[in-house]
1. Name the helices (runs of 4 or more DSSP H) wholly inside the range 473-590 in which the number of residues that are closer than 30 Å to residue 275 by Cβ and aliphatic (A, V, I, L, M) is 1 or more.
2. Filtering the range 546-574 down to residues that are farther than 14 Å from residue 452 by Cα and crowded, with 20+ Cβ neighbours inside 10 Å, which residue is modelled with the lowest pLDDT?
3. I'm trying to understand the selection: among the residues of the range 256-290, which are farther than 22 Å from residue 183 by Cβ and of a type in the set (A, V, I, L, M, F, W, C)?
4. Give the range 140-153 a look and list any residue that's open to solvent by less than 30 Å² (accessible area, probe 1.4 Å) and assigned to a loop (DSSP other than H, G, I, E, B), or say none.
5. Tally the residues that are assigned to a strand (DSSP E or B), more than 20 Å from residue 38 (Cβ to Cβ) and either open to solvent by 50 Å² or more (accessible area, probe 1.4 Å) or of a type outside the set (A, V, I, L, M, F, W, C) (or both), restricting the search to the range 184-204.
6. Which residue out of 489, 504 is surrounded by 15 or more Cβ atoms within 10 Å (Cβ to Cβ), of a type in the set (A, V, I, L, M) and at pLDDT below 90?
7. Take residue 514 and tell me if it is modelled with pLDDT under 90, in contact with a Gly (Cβ under 6 Å, 6 or more places away or on another chain) and buried (at least 16 other Cβ atoms within 10 Å of the Cβ).
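The values are calculated or read from the model by the stated rules, or taken from the named source; none is laboratory data. Since we're looking at a predicted model, the values are computed, not measured. Cβ coordinates were reconstructed from backbone atoms using ideal geometry, including for glycine residues, and neighbour counts include every protein chain displayed. The accessibility values were calculated without ligands, DNA or RNA, using every heavy atom of the protein model including side chains. Shrake-Rupley method; radii C 1.70, N 1.55, O 1.52, S 1.80 Å.
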Amino acid sequence: MTIRLLPPQLANQIAAGEVVERPASVIKELVENSLDAGATDIHIDVEKGGSKLLRVRDNGQGIAKDQLTLALSRHATSKIHDFADLAHIVSLGFRGEALASISSVSRLTLTSRPASQDTAWQAMAEGRDMAVQIKPAAHPVGTSIEVLDLFFNTPARRRFLKSDKTEFSHIEELVKRLALSRDDVSWTLTHNGQLVRQLKAVTDDAGRQRRIQQLCGRSFAQAACYVESQYEHMQLSGWILPAAACSAQLQCQYSYVNGRMMRDKLLNHAIRQAYAEMLAPEALPAFVLYLQIDPEQVDVNVHPAKHEVRFHQARLVHDFVFSALSQMLTQTAQSDLLLAEQLNQSQVVQQRQPLSPVPQQEALSSYMVDNRAVRSPSASTARSYAGLESVRNQIPTGSDWTALVQEQRVTPLIAPAVVTTVNTPSGSLLVSSTELLVMQQEQLWLLDVPASVAPLLAAKNMASAALLLPERLRLEPAEVNLLTANAGLLCQMGFDLVLSNQVLIIRAVPQLLQGTPLSHVLPLWWSGWPAQTELTLMWQQLLHLLLSRQLLSLPLLLQTEVELLQRPEHWCAVPVDLTGARRQLQEKIQ
């Protein structure tokens, strides 16, 4: 067979098969050109689902008269100039195929005026011949491109178009994705002369939140969490819906790389993996996420329609996205659990006032004396519990506590919530962020969870969980000395730490604390170490910090350390005398 060069018209139609799939594809190419031209106001007009008319009008830089014909030529672009530019692409369009491909399967009119020209000029091209005609026109600064009778000269392609309603739904979805990518641009969309969507440009956080609500719905905007994370040359920001709020109905699933709309398999896998087992089997993730990365670290020239990209450090990008999202989703899940349980707590207080009259919003402060927990009640709590002023003198040792358990048959009732009530014939249990209130046989006990769990953890060979992205903390010289002196104990706890000059690199954490944001509390943790610390005290202080700041869920800790219920000799607890309180209550009733 003879090898021949394809005629330009045929080559353009082949390219159109890759670029122009349907009317929405035309809008995408034209709008991306408008954004690259610096437009801040874009109007999109559609008739009959786009098969009759597609028009995009912008207020961008415009095209000079002597470049109009060149703009409709294949492989003509102002966005790259040499091979080196391919490694640093910052524009949305760069191939120089769009206008030539569109004009080969439609009747295209390009009208434009740059600020340097007093008048606008218009270029017209139609079908296979693509002979460009230039004439003067009236137009403000900017560009309008009108595409009539799409696929008029390719009947086979036209037959593949769906109904006008379906084709316009694709355009509307595309405009939504584009509007989410550029908050600073005003958007107007009409169909058959009717206004469908109008969005004003926004520049502040409140405006962005409104746009998210307009485009993704009120339920998503109210439930989604804002995430922002940075590592080396990468930055991730946007909104992600907590696992508990996700449903089987498809919601927003939009991701962007350097402002470019993406349906990237690597990013989708990282997002899905971040939800892990938190997401119900039938539920779907929902997100609007923006990844900013050094343009030299990403290749956007791998797909004709630019739907996919190739990352030079794909594993690093995947782990960064996964780490940032999984941490946010874990924190949100724990916070939602605590909130639900606090609401449950308020109901418990109202329903069981005679059994638990302690004001739940007033926590008992704690400190250690000879490795034993001491509770100091607030004034109002002391008034409610007449016997609490003698609590300090009632602290039993480990052996004393075991004897009390045996003699009085005290059985802790662990509920699957931070604050809840378990009804039993003999009493109820209230749980706060770090303490358990155990009532059995009309005796109330206050159990310190960190002090009770710490000996169990210290006796274990704790497994480590490697961080996908190591965290870095800059240390003071005194901190370096302190961590170096206790390196062995930290290793026993499951930490994998590396010191480089005065930078601490956290490579792994105890498996129990996997997914817990530790970097914010670690400096507070070791600042509280005494001169001569030991493993149990280190665990106790760390657990107290995490639980009190709601960075670690108490139910999850109790579920993990169920052995605590079987080892009363490790419990650190004090009995609470209710005699005086009951007497006062009876006096009020009488």
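1. Counting at least 1 such residues, we get 487-493, 522-527, 535-548, 554-560.
2. So the residue we want is 553.
3. Correct list: 266, 270, 274, 276, 278, 279, 280, 283, 284.
4. If we filter the range 140-153 for residues that are open to solvent by less than 30 Å² (accessible area, probe 1.4 Å), which is where we start, we get 142-145, 147, 150-151, 153.
Passing the criteria: 150, 151, 153.
5. So in the range 184-204, the residues assigned to a strand (DSSP E or B) come out as 186-191, 194-199.
With the extra rule that they be more than 20 Å from residue 38 (Cβ to Cβ), the set shrinks to 189-191, 194-198.
If we keep only those that are either open to solvent by 50 Å² or more (accessible area, probe 1.4 Å) or of a type outside the set (A, V, I, L, M, F, W, C) (or both) as well, we get 190-191, 194-198.
So the count comes out to 7.
6. Working: 489 fails: at pLDDT below 90.
That would be 504, the only listed residue that is surrounded by 15 or more Cβ atoms within 10 Å (Cβ to Cβ), of a type in the set (A, V, I, L, M) and at pLDDT below 90.
7. no
Per-residue answers, yes or no, for (1) open to solvent by less than 80 Å² (accessible area, probe 1.4 Å); (2) over 30 Å from residue 295 (Cα atoms); (3) in contact with a helix residue (DSSP H, G or I) (Cβ under 8 Å, 6 or more places away or on another chain); (4) modelled with pLDDT under 85:
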residue	(1), (2), (3), (4)
87	yes, no, yes, yes
98	yes, no, yes, yes
104	yes, yes, yes, no
126	no, yes, yes, yes
